[in-house]
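*Asks:* Please find one structure pasted underneath; my questions will follow.
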Ligand code: GUN
């Protein structure tokens, strides 16, 4: 791994994420709300909002997963990121997060609650931010099983197998 990537990991003390990549939670609001008050099927209390730094490095990927909140992605540093999104109705969207608007890259993008999504860096590494409201909780996080997801969305079969580990 390059010294730059090692320095980012060390500076932020990033941990491996179960979906792939490395992360550090940088914000968790002290304001809590009962999950039952939200309209998205959460149970138990949730922080109003959370944010992480997320690092993707080459030859790896963030596998297809979904959460119960919208997730706002922010581009910070490195190479562009491709984010593959499959919405519950089967609509597929490719988001390219980056800083070059001339190449259809965007600084910010929203992955809607309940969509399946996976991502990877287009180069050596990408450093991004992910903000979630209501705040992130692993109880709302589901990692896809490739075979099951491919059966639900057969048109995306190849993509799904490329971005699932089991
Ligand atoms: N905290 C731990 N994992 C995650 C994640 O995947 N997304 C967000 N936004 N926060 C997290």
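*Asks:* Would you mind putting 18-26, 145-153 in packing order, based on average other-beta-carbon counts within 10 Å, highest first? It would help to have the intermediate numbers written out before the result.
*Replies:* Details: 18-26: 18.1, 145-153: 15.1.
In descending order of packing, they fall as 18-26, 145-153.
*Asks:* Treat each spin label as a single point 7 Å out from the Cα along the C-beta direction, and report the residue 72 to residue 107 distance in nm.
*Replies:* Simple spin-label model gives 1.3 nm for this pair.
*Asks:* Continuing with the same structure: Sort 102, 159 by Cβ crowding within 10 Å, fewest neighbours at the top. Walk me through the numbers before you get to the answer.
*Replies:* Details: 102 5, 159 18.
Ranking 102, 159 by Cβ neighbours within 10 Å, fewest first, gives 102, 159.
*Asks:* Listing 130, 48 from the residue with the fewest other Cβ atoms within 10 Å to the one with the most, what is the order?
*Replies:* Numbers: 130 20, 48 13.
If I rank by nearby Cβ atoms, fewest first, I get 48, 130.
*Asks:* In nm, what is the difference between 0.36 nm times the number of residues separating residue 15 and residue 158 and their Cα-Cα distance?
*Replies:* On the way: separation 143, 0.36 × 143 = 51.48 nm, distance 2.90 nm.
Separation in residues times 0.36 nm, less the Cα-Cα distance, equals 48.6 nm.
*Asks:* Taking 25 °C and 0.890 mPa s as the conditions, I'd like the Stokes-Einstein D for the chain in µm²/s, using the Kirkwood hydrodynamic radius from alpha carbon pairs. Could the numbers behind the result be given before it?
*Replies:* Numbers: Rh = 16.4 Å.
For the chosen part, D equals 150 µm²/s.
*Asks:* Under the definition of Cα pairs under 8 Å and six or more residues apart, what whole-number percent is the relative contact order of the chain?
*Replies:* Details: 382 pairs, mean separation 42.3, N = 166.
RCO, the chain: 26 percent.
We did not get these values from a lab; they are worked out from the coordinates using the rules stated. Keep in mind that what you see is a predicted model, and the values were worked out from it rather than measured. Please note: Cβ atoms are built from the backbone with ideal geometry, for glycine as well, and neighbour counts cover all protein chains shown.
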